[in-house]
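Report on one structure; see the data block that follows.
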Amino acid sequence: MYGANVPGESPGGPQTQGRRPGYANHAGKLSAGEALAPVRLASILSLTRQGIFFAKNACMPALIKELQLKILNAVSHALGQCADVEQALDRVLKILTLSLATTKGAVTLKIGEMTLQAFRGVDAGETKDGNFPGDPAVIRRLRQPFVILKGEAEPILLDQRQAGFPGKDRIAGLGIPIIHHNSPIGLFSVDRLFSEEVPFEEDFYFLSLLGALVSQFVSLGREAQAREKDLRWENLSLKARMAEKFQQISMIGQSPALLKLQQLARKVAPNRAPVLLLGEAGAGKGLIARLIHELSPRAQLPYIQVDCASLPEDGLAGEIFGYEKGALPGVSRGKPGRLEEAEGGTVFLEEIDRISPALQARLLKLLQDRTIEPLGASRARKVDVRIIAGTTVDLGERVKEGLFRDDLYYRLNIFPIRVPPLRERREDLVPLLNYFLDKVSAEYGRRFYFTQQALEVLRNYAWPGNVREVENLVEHLAILVEGAEIGLKDLPPHLFPAGAKTEINGSESLSRLKELEKREILAALARHRGIQSQAAMELGLTLRQIGYRVKRYGLERLIKKRRVR
């Protein structure tokens, strides 16, 4: 599209001699890399008409009309091609300085908390003395086109009712506000667009068109960001719903207590409110915290678990909130804390009742202001994390005892969830045992199973260590046993009622001997085609003794079948 040159340039490249007077001070070729797709002039005029302050001069020479069209086209291409705002603004200024009489230009945008700027031919001193305003505070003040006279630092506002314009020889710069939804979001200023021969009104008119294009670029960018954000949240929500199906393997069991627990996790997951998990050690608070994270829109962002009981106070403060260089003895470099590392995600603080009053105050500030202050830092930092806290004690009682801040407790206790111990959901024990057996079977490359007698003992056990104790037991037994079967003799004594282990071991040993005797008799009878006398001779038994055992083990029918064969 852009093989053609803009007025004032030669086919061989930029020209500095022989250009058409009045229309271009600099010339340059607009490369295809700076163009993406043309924008119709009718669309541009429709887009910018309400923002233009000066009437278009109907007598403008045809060459200027053609030049303006080509510049608008090139600018629209540059804006359409760049996703980076500052890079796009720089390309716009480059087009102006290459194609028009412009030697200096500046664009400043204030978008939310960000200030974006682009400069061409402007040094830092000129942005400070007012010739090319770059201070975001000026944006809120300059809501009309303005000029900056030579030797003056303060911009002079112009409006439609002003009778005339200063001569171009008195102008150091001119500019317009960039308006978005009736609010100023930026400034676009240049030293000039056209040379002395072109009326000053044309500079303002064309600068208004350019400013309107930049405004539309920002508007489209914001709409694209909003759509992208909506799509991202929809995508995360969809992934969360899909994850819910696959998370069932982690939440083993179908007891009413477990189903209610999962329902509460699903209910609180989409929100950003803190969650307080209450329950005994090993009951699965960490698993519930992870489940809440996986079912939330934060699922694709970090999940970090911190055990507050595992570190001393200073170490824990640095671990959670981070520290600056020299903040701790012997530390020569700073380190971000877990809260910063989990930006956008979830942090699970296990054993929250163990943190000191000083750390409680820091955590309260995070929940109130969403800010943290690393150790040794001079100012606070914004963070976006969800806090899930876990405890094995009654925090309400700790508050009464003066050991835990009441304001922090109320912040954490917005949505408490009690994780029931395993003894309150015994229906889930066998599925849990099978799950951990499958896990160790895959790890050790052989299958394991519990005998019915062993399962009965496990069902009657109280499991004070909850799910964690089940997992540890299965792993211990997988290492201990030689074969696949895990029977009564393999179970640790503490699983049995007092004195029951010896009695059970004796009865099981007797049972095993009987089973061994039965197998030997069957094998001998098979070798002798069911003839008891020959089998008895081989085994060293009398005919009466083997007859007694055949009857005892119910082998008569089997012997008859073998004789028939």
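Scan the stretch 74-90 for residues that are surrounded by fewer than 22 Cβ atoms within 10 Å (Cβ to Cβ) and in contact (Cβ under 8 Å) with a residue 40 or more places away in the chain and jot them down. Scanning the stretch 74-90 gives GLY80, GLN81, VAL85. Of the candidates PHE165, PHE146, PHE200, the single residue that is modelled with pLDDT of 75 or more and either within 27 Å of ALA62 (Cα to Cα) or not small (Gly, Ala, Ser) (or both) is PHE146. Every condition in (1) at pLDDT 70 or above; (2) surrounded by 12 or more Cβ atoms within 10 Å (Cβ to Cβ) holds for GLU223 except the one numbered (2).
For the stretch 326-338, the count of residues that are out of contact with any Lys or Arg (no Cβ under 7 Å at 6 or more places or on another chain) and either at positive phi or outside the structural domain of LEU367 (by TED's automatic domain parsing) (or both) is at least one. Applying the criterion of being surrounded by fewer than 16 Cβ atoms within 10 Å (Cβ to Cβ) and of a type in the set (Gly, Ala, Ser) to the residues of the stretch 442-466, the residue that is nearest to the chain's Cα centre (by Cα) is ALA442.
The residue that is farthest from LEU488 (Cα to Cα), among those in the stretch 445-460 that are touching a residue at least 24 places away in the same chain (Cβ under 8 Å) and part of a loop (DSSP other than H, G, I, E, B), is ARG446.
Among the residues of the stretch 375-403, those that are assigned to a loop (DSSP other than H, G, I, E, B) and modelled with pLDDT of 90 or more comprise VAL383, ASP384, VAL385, THR392, VAL393, ASP394, GLU401, GLY402, LEU403. A single entry from LEU98, LEU63, LEU89 fulfils the requirement of being in the same structural domain as GLY173 (by TED's automatic domain parsing), modelled with pLDDT of 80 or more, over 37 Å from the mean Cα position of the chain (by Cα) and not in a loop (DSSP other than H, G, I, E, B): LEU98. Considering the stretch 320-339, the residues that are under 20 Å from the mean Cα position of the chain (by Cα) and crowded, with 17+ Cβ neighbours inside 10 Å include one that is farthest from LEU291 (Cα to Cα), namely GLY322. Residues that are outside any strand (DSSP E or B) and within 21 Å of LEU408 (Cα to Cα) occur at least once in the stretch 299-309.
The values are calculated or read from the model by the stated rules, or taken from the named source; none is laboratory data. Because the structure is a prediction, the values reported are computed rather than measured. Positions of Cβ are backbone-derived with ideal geometry, glycine not excepted, and every protein chain shown enters the neighbour counts.
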